[in-house]
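The values are calculated or read from the model by the stated rules, or taken from the named source; none is laboratory data. None of these values were measured; they are calculated from a predicted model. Ideal geometry is used to build each Cβ from the backbone, glycine not excepted, and the neighbour counts take in all protein chains shown. Just the protein is used for accessible areas: all its heavy atoms, side chains included, with ligands, DNA and RNA removed. Shrake-Rupley method; radii C 1.70, N 1.55, O 1.52, S 1.80 Å.
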Amino acid sequence: MATAELVLGLLSAGPAHGYDVKRGHDAWFPDSRPLAFGQVYTTLGRLERDGLVEVVDKTSGGGPDRTVYALTSKGRDHLADWLTDPVPPAWGSADEVLRKLVAAIRTGGDAAGFLARQRASHLRRIRELRETPADDDPTSPLVREYIVAHLDADLRWLDSALDRISEQRGARP
């Protein structure tokens, strides 16, 4: 995940502190895992070290320090470059589902059972996404459609893998 570039994108609207960055990320991607505060501050520290953001204000009003960050011109250029570069296809990458399946097959685990449980999990998530009311953010439907399309593609692959494993074992659960 391009967390650094997303943080730059969030700061492109203007200076903000880490809490605002985290809240902005979670608003941009309401159907995804929330961004951890630790990840926000670690990322901001790296971006500052690399000259992509700078501290523009630091206050401590009786509580923890509140550091406000802003994009530098180098940060704006980096964000612009990132937004123009296409994402390379994920040829040969293996996500956790594939890793678990290969491990189940290689170790004599219940590969067909794993695939059936994974399929049910995907179907539950698609149902949740379709049943959750849309908010006013115009990008939310795009994010949701993207997630559902990928889950649907995963379902087709899961069915194909289950068919192949069942053919090799003689029966589909």
To the nearest 0.05, the calculated FRET efficiency linking D81 and A103 through their beta-carbon distance, R0 being 45 Å, is 0.75
For helix 73-84, what angle does its Cα long axis make with the longest principal axis of the chain, in degrees from 0 to 90 and rounded to 10? 30 degrees
Extension gain, K74 back to A2 (0.36 nm per residue minus Cα-Cα distance, nm): 24.2 nm
Among T139, F114, G38, flag the residue with its Cα farthest along the positive direction of the charge dipole of the chain, charges on Cβ as +1 for Lys/Arg and -1 for Asp/Glu. F114
In degrees, nearest 10, range 0 to 90: what is the angle between the Cα axis of helix 37-49 and the longest Cα principal axis of the chain? 60 degrees
Hey, what's region 7-73 come to in accessible area per residue, 1.4 Å probe, Å²? 54 Å²
Search the structure for amide H atoms under 5 Å from the amide H of L35, placed 1.01 Å from N in the peptide plane, and list their residues when 5 or more places away or on another chain. D26
How much accessible area per residue does region 127-173 have, in Å², with a 1.4 Å probe? 75 Å²
Under the Kirkwood approximation for Rh and a Cα-based Rg, what ratio Rg/Rh is obtained for region 3-84? 0.96
Diffing region 3-15: the Karplus 3J(HN,Hα) column from phi (6.51, -1.76, 1.60, θ = phi - 60°), in whole Hz with x for Gly and Pro, holds 4, 4, 5, 5, 4, 4, x, 5, 6, 5, 6, x, x
Order 104-117, 13-26, 56-69 from most to least packed using the mean count of other Cβ atoms within 10 Å. 13-26, 104-117, 56-69
So, with a 1.4 angstrom probe, what is the percent of accessible area on the chain that is carbon and sulfur? 54 percent
Identify all lysines with a Cα-Cα distance to K74 below 26 Å; exclude those on the same chain that are fewer than 8 residues away in sequence. K22, K58
